[in-house]
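The values are calculated or read from the model by the stated rules, or taken from the named source; none is laboratory data. Since we're looking at a predicted model, the values are computed, not measured. Note: accessible area is taken over every heavy atom of the protein model, side chains too, but ligands, DNA and RNA are not part of it. Shrake-Rupley method; radii C 1.70, N 1.55, O 1.52, S 1.80 Å.
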Amino acid sequence: MRDQVLWRKTGRIAALLADRLDIDADRALDLLYNSHTFVLLTNPDSGLQLQSDAYILNDLLRELDV
């Protein structure tokens with residue numbers, strides 16, 4: 001169950017990133033998957049999974065320096 005929730009959350013964050021940066025979904029997923037934010041997101045001990053999509057997106061944008 002947890003994997004499905006994380007999978008959906010990842011998709012929502014990638015969609016938000018694509019909209020924010022005006023890029024396609026594949027590029028957004030690539031940026032997300034290759035980020036430190038994603039490493040934290042996939043680690044349940046980090047607690048990032050409990051944060052809102054917008055909060056995680058802002059962390060990712062800061063990391064990408066956009």
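For this structure, a couple of remarks:
- Size check on the chain: the Cα extents along the three principal axes, sorted descending, read 30, 21, 19 Å.
- Calculated [θ] (222 nm, deg cm²/dmol) that DSSP helices of n ≥ 4 give over the chain, each run adding -39,500 (n - 2.57): -22000 deg cm²/dmol
- Across region 8-55, C-alpha contacts under 8 Å between residues 6 or more apart give a mean separation that, scaled by the residue count, equals a relative contact order of 31 percent.
- Apportionment of accessible area to carbon and sulfur, region 1-59, percent (1.4 Å): 52 percent
- Solvent exposure of region 5-55 amounts to 64 Å² per residue of accessible area, where only protein heavy atoms count and the probe is 1.4 Å.
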